[in-house]
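Below is one structure, written out as structure tokens; the observations come after it.
The values are calculated or read from the model by the stated rules, or taken from the named source; none is laboratory data. What you are looking at is a predicted structure, and each value in this text was computed from that prediction instead of being measured. All Cβ positions, even for glycine, are placed from backbone atoms using ideal geometry, and neighbour counts span all protein chains on display. SASA here: full protein model, heavy atoms, side chains in, ligands and nucleic acids out. Shrake-Rupley method; radii C 1.70, N 1.55, O 1.52, S 1.80 Å.
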Amino acid sequence: YNSYGELGDDSTTHRYTPVRVSGMSSGVSRISAGGAHTCAVKSDGSAWCWGYNGDGELGDNTTATRYTPVMVSGMSSGVS
């Protein structure tokens, strides 16, 4: 649906086909999607999230909605 940027393509445009996530063209080993946000783990062990963040669910120490991935605070490596 992408109302909160949960597709990570720097927009809130509704999409009917897959789009590339900004800055995540390679190196992603895992991905998980919620109702209004998405998170990924890169092969270097860092965690990244984007989308709705009104309750701090993205883990970047803010409540700002993000339309592109932001690194989860304190998780720059070691996530498996």
### Message
Just to check your reading of the model, which residue among Asn61, Asn2 is among the polar types (S, T, N, Q), touching a Lys or Arg at 6+ places or on another chain (Cβ under 9 Å) and at positive phi?
### Response
Asn2
## Note on the structure
Of the residues in the stretch 1-38, those that are crowded, with 17+ Cβ neighbours inside 10 Å and touching an Asp or Glu at 6+ places or on another chain (Cβ under 9 Å) number 5
### Task
Among residues belonging to the stretch 42-58 that are open to solvent by less than 20 Å² (accessible area, probe 1.4 Å) and not in a loop (DSSP other than H, G, I, E, B), point out the one that is farthest from Ser3 (Cα to Cα).
Ala47
### Summary
Within the stretch 1-39, residues touching a residue at least 60 places away in the same chain (Cβ under 8 Å) and of a type in the set (Ser, Thr, Tyr) come out as Tyr4
